[in-house]
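Okay, structure first, notes after.
The values are calculated or read from the model by the stated rules, or taken from the named source; none is laboratory data. In this text the structure is predicted, and so the values were computed from the model without any measurement. Neighbour counts run over all protein chains shown; Cβ positions are idealised from the backbone, glycine included.
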Amino acid sequence: MRPRIAIPVPHSDPDYVARSLPLYEKAIEQAGGEPVRIPLEPATAGAMERIASCDAVVLPGSKADVEPANYGLPRHPKTALADVRRHNLDALLLQDAYDRLKPILGICYGLQSLNVYRRGTLVQHIESRVNHEAGRKVARAHTVELEPQSKLGEILTSGVQSPGDSRIGKLTISVNSSHHQSADRIGDGLRIAARCPEDGIIEALEGTSPDHFVLAVQWHPERSVEEDESSRALFGALVAAAQTRQAALGKCGVESLEPPHPRRT
């Protein structure tokens, strides 16, 4: 049975959702998973059952920014408005995923949401010579350098060649880029998995627990799965982790489907 991958509706703006959500769903399907849309009003019996029945979570990008008050900082003038419904749904999905060790893949805003949920902070507006806001029309905005001992590096090492980086153990890939914020202080149970080598901006985080697949990237692999092997590898790794969890649950009995309950963060 294909693992069911929960994906929250990215934003309250329906036009943004129509543009962005199908790309994530297609990437999940191509990797062998079944995408399950979770509405921004999850407090219904049906929605809670959908969350509980999913095997993994993808936290997608968003046109919103995380509310700075949630990590104890005043608002920067260039910080976008928060989407409270998306924020609350992410917290619910992350609580469920951490409680039940469901694999997590965060993308762009999803990385930032994950880091704040784990009590980290954000750079509210990046000032850099690197254009991190290049947008969807720029397929390769800058390079990302992966930590050699990271889970992310392990996932992307197979079949991905480093473009002329002579430093031993370093792997670099080219990525798209559509963000103006990034992780600053890293949240509990997370570690840095990649940076932009030109300015040091954090480009990926991963969980520190060997028993829980948690990965988040600042770029948008859902936009490039058709032509980019590393993008396909990220979704493939999430689905594979969900399948491993499915198999383990099958050996030890059926998991309780009691709906998760909101947690204060």
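If a residue has to be part of a strand (DSSP E or B) and under 15 Å from the mean Cα position of the chain (by Cα) to count, how many in the range 177-216 make the cut?
Restricting attention to the range 177-216, the residues satisfying the condition of being part of a strand (DSSP E or B) are 182-183, 190-195, 202-207, 214-216.
Still in the running and under 15 Å from the mean Cα position of the chain (by Cα): 182-183, 190-194, 202-207, 214-216.
Residues that pass the stated criteria total 16.
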Exercise for review: Just need a number here: residues in the range 191-215 that are farther than 10 Å from Glu145 by Cα and touching an Asp or Glu at 6+ places or on another chain (Cβ under 7 Å).
Suggested key: 4
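Condition first: in contact with a strand residue (DSSP E or B) (Cβ under 6 Å, 6 or more places away or on another chain), free of Cβ contacts under 8 Å to residues at least 60 places away in the same chain and either of a type outside the set (Val, Ile, Thr) or on the phi > 0 side of the Ramachandran plot (or both). Now tell me which residues in the range 192-215 satisfy that. Steps first, answer last, please.
Of all residues in the range 192-215, those in contact with a strand residue (DSSP E or B) (Cβ under 6 Å, 6 or more places away or on another chain) come to 192-197, 201-208, 214-215.
Filter once more, so that each one left must be free of Cβ contacts under 8 Å to residues at least 60 places away in the same chain: 192-195, 197, 202-203, 206, 208.
Passing the criteria: Ala193, Ala194, Arg195, Pro197, Glu203, Glu206.
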Practice item. Output the number of residues of the range 92-110 satisfying the condition of being within 15 Å of Phe213 (Cβ to Cβ) and either aromatic (Phe, Trp, Tyr) or in contact with a strand residue (DSSP E or B) (Cβ under 9 Å, 6 or more places away or on another chain) (or both). Key: 12
Check your understanding: In the range 3-41, what residues are without any contact (Cβ under 8 Å) to a residue 40 or more places away in the chain and in contact with an Asp or Glu (Cβ under 6 Å, 6 or more places away or on another chain)?
Key -> Pro35
**Study point:** Residue list for the range 42-65, restricted to those being buried (at least 19 other Cβ atoms within 10 Å of the Cβ), in contact (Cβ under 8 Å) with a residue 60 or more places away in the chain and of a type outside the set (Asp, Glu)
**Key:** Met48, Ile51, Ala56, Val58, Leu59, Pro60, Gly61
Study note, to complete from the structure: Within the range 124-164, of all residues that are over 14 Å from Ser182 (Cβ atoms) and among the β-branched types (Val, Ile, Thr), the one modelled with the lowest pLDDT is Val160
